[in-house]
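S.K.: Before I ask anything, let me first share the structure, which is written out below as structure tokens.
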Amino acid sequence: MTPDPRTWLITGASAGLGRALTETLLDHGHRVAATARDTTSLAPLKDIYGQHLWTAELDVTNTVRLRTVVDTAFQELTRVDHIVSNAAFGLYGAAEEFDDQSIRAVFDTNLVAPIHLLRAALPHLRRQRSGHFTQISSAAGQTGMAGASVYHAAKWGVEGFFESLHDELAPFHIGITLVEPGTIKSTFFNRLRVSEPLDAYQSGPVGELRRYLAQPDTVTANSVGDPKKMARAIIEAATAATSPRRLPLGSDAFTAIDEALTGRITEHRAQHATAQTTDH
Ligand SMILES: NC(=O)c1ccc[n+]([C@@H]2O[C@H](COP(=O)([O-])OP(=O)(O)OC[C@H]3O[C@@H](n4cnc5c(N)ncnc54)[C@H](OP(=O)(O)O)[C@@H]3O)[C@@H](O)[C@H]2O)c1
């Protein structure tokens, strides 16, 4: 853990990993701008940590409010060294089962909001000529899974967006880390949105997983990642002299990403000869 106190801004600080990050940072003497849709649950932390905790109500899909909160945080706290874009939720079902509104909500929360958060912070980070942006992606950002196509698509989206920004922001000394957790013992599976089932999918992999996810407490009990340990790893990575571009967290994430990348490189190389035939 870094010895020098820094200032962090976190979205989705009310629960799960965002909450664990907030508490861990405060415990280690850092200052935290904790944002949440409802900040009531942060009140007990305010009693303990006082001035070290700055809070603001923020639904990340409200892009006007997002910009105001970011501007106000930089203004009132003078500087923000680290931003952690964490807020997100899961959507489960077959692609054919999803309603339009749920698909839009996943992309608005899990992909569009992180893009706007970075854009809102950039003028301030450029002025500071330093800062680090941590995007909580997922092992889902490197893999695919029947029943979670839209969630995975949004996480692949953040991977593509932030991958492109390393070189774009390097001249301003702004770093980017994509965190790729596996399953976490958080409240994620209790908040999962689930599609209306179609009979056609009940006997296949979507139906099988649907029946498992119908018991969120069991799913959470079977989840591998400890949010407090993940929080510590994220803080260490973000404050390292050289931060990693990607940080897989949890043995399940490491294995799933390893298998996906190995499979992809094999598939990719199998097309080598064909690729050579299409040059002009
Ligand atoms: N749990 C997993 O197995 C897992 C695996 C890989 C990656 N992740 C990623 O890890 C991150 C944290 O997830 P978690 O496991 O800690 O889930 P969680 O316990 O459900 O917490 C999610 C947090 O995001 C907030 N949030 C959701 N929608 C929001 C919105 N529109 N505006 C503001 N805040 C919003 C929630 O706030 P409310 O209290 O207002 O709902 C909550 O604080 C997410 O990016 C998730 O995709 C999770």
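S.K.: Taking LEU118 as meeting all but one of (1) crowded, with 21+ Cβ neighbours inside 10 Å; (2) over 16 Å from ALA33 (Cβ atoms), write down the number of the exception.
M.R.: Every listed condition holds for LEU118 apart from (2).
S.K.: Out of the stretch 63-94, which residues are surrounded by 15 or more Cβ atoms within 10 Å (Cβ to Cβ), in a helix (DSSP H, G or I) and out of contact with any His (no Cβ under 6 Å at 6 or more places or on another chain)?
M.R.: Across the stretch 63-94, the qualifying residues are ARG65, ARG67, VAL69, VAL70, ALA73, LEU77.
S.K.: Taking helices (runs of 4 or more DSSP H) that do not extend beyond the stretch 179-244, which have at least 3 residues that are out of contact with any Lys or Arg (no Cβ under 6 Å at 6 or more places or on another chain), among the charged types (D, E, K, R) and within 25 Å of PRO114 (Cα to Cα)? Explain how you work it out, then say what you get.
M.R.: Working: elements: 188-191, 205-213, 216-222, 227-239.
Result: 227-239.
S.K.: Could you look through the stretch 184-217, keep only residues that are hydroxyl-bearing (Ser, Thr, Tyr) and surrounded by fewer than 19 Cβ atoms within 10 Å (Cβ to Cβ), and pick out the one that is farthest from ARG104 (Cα to Cα)?
M.R.: Among those that are hydroxyl-bearing (Ser, Thr, Tyr) and surrounded by fewer than 19 Cβ atoms within 10 Å (Cβ to Cβ), it is SER203.
S.K.: How many residues are within 19 Å of ALA13 (Cα to Cα), in contact with a helix residue (DSSP H, G or I) (Cβ under 7 Å, 6 or more places away or on another chain) and within 13 Å of the ligand (Cβ to nearest atom) when one looks only at the stretch 221-248?
M.R.: Residues flagged as within 19 Å of ALA13 (Cα to Cα), in contact with a helix residue (DSSP H, G or I) (Cβ under 7 Å, 6 or more places away or on another chain) and within 13 Å of the ligand (Cβ to nearest atom) within the stretch 221-248 amount to 5.
S.K.: Right, next: Can you tell me which of (1) of a type outside the set (Gly, Ala, Ser); (2) more than 14 Å from the ligand (Cβ to nearest atom); (3) under 21 Å from the mean Cα position of the chain (by Cα) is the one THR24 doesn't meet?
M.R.: Here THR24 clears every test but (2).
S.K.: Moving on to the next point. If we keep just the residues of the stretch 161-170 that are touching a helix residue (DSSP H, G or I) at 6+ places or on another chain (Cβ under 9 Å) and of a type outside the set (Phe, Trp, Tyr), which is nearest to the ligand (Cβ to nearest atom)?
M.R.: LEU165
Every residue, every condition in (1) more than 9 Å from the ligand (Cβ to nearest atom); (2) under 21 Å from GLN128 (Cα atoms), yes or no:
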residue: ARG6; (1), (2): yes, yes
residue: ILE10; (1), (2): yes, yes
residue: ALA13; (1), (2): no, no
residue: GLY18; (1), (2): no, no
residue: HIS30; (1), (2): yes, yes
residue: ALA36; (1), (2): no, no
residue: THR39; (1), (2): yes, no
residue: LYS46; (1), (2): yes, no
residue: GLN51; (1), (2): yes, no
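S.K.: Hey, another quick one. Quick check: is even one residue across the stretch 3-20 part of a strand (DSSP E or B) and among the small types (Gly, Ala, Ser)?
M.R.: Among the residues of the stretch 3-20, not one is part of a strand (DSSP E or B) and among the small types (Gly, Ala, Ser), which makes the answer no.
S.K.: With the condition kept exactly as written, say whether any residue in the stretch 61-70 is more than 16 Å from the ligand (Cβ to nearest atom) and of a type in the set (Val, Ile, Thr).
M.R.: So the first thing to find is which residues in the stretch 61-70 are more than 16 Å from the ligand (Cβ to nearest atom), and the list is none.
Checked the stretch 61-70: no residue is more than 16 Å from the ligand (Cβ to nearest atom) and of a type in the set (Val, Ile, Thr).
S.K.: Please determine whether any residue of the stretch 171-185 is within 15 Å of the ligand (Cβ to nearest atom) and small (Gly, Ala, Ser).
M.R.: Looking through the stretch 171-185, at least one residue is within 15 Å of the ligand (Cβ to nearest atom) and small (Gly, Ala, Ser).
S.K.: Let me ask you something else. What are the pairs with Cβ atoms under 8 angstrom where one residue, in the stretch 21-33, is at pLDDT 95 or above and the other, located anywhere, is among the aliphatic types (A, V, I, L, M) and part of a loop (DSSP other than H, G, I, E, B)? Sequence gap at least six, or different chains.
M.R.: LEU21/ALA13; THR22/ALA13; HIS28/MET1; VAL32/ALA13; ALA33/VAL80
S.K.: Same structure again: I need every pair where a residue in the stretch 79-99 that is over 26 Å from ARG210 (Cβ atoms) and among the acidic types (Asp, Glu) has its Cβ under 8 Å from the Cβ of a residue that is assigned to a strand (DSSP E or B) and more than 11 Å from the ligand (Cβ to nearest atom), sequence separation at least 6 or different chains.
M.R.: Listed pairs, sorted by first residue: ASP81/THR7; ASP81/TRP8; ASP81/GLY131; ASP81/HIS132.
The values are calculated or read from the model by the stated rules, or taken from the named source; none is laboratory data. Bear in mind that the values here come from a model prediction, so they are computed numbers and not experimental data. Positions of Cβ are backbone-derived with ideal geometry, glycine not excepted, and every protein chain shown enters the neighbour counts.
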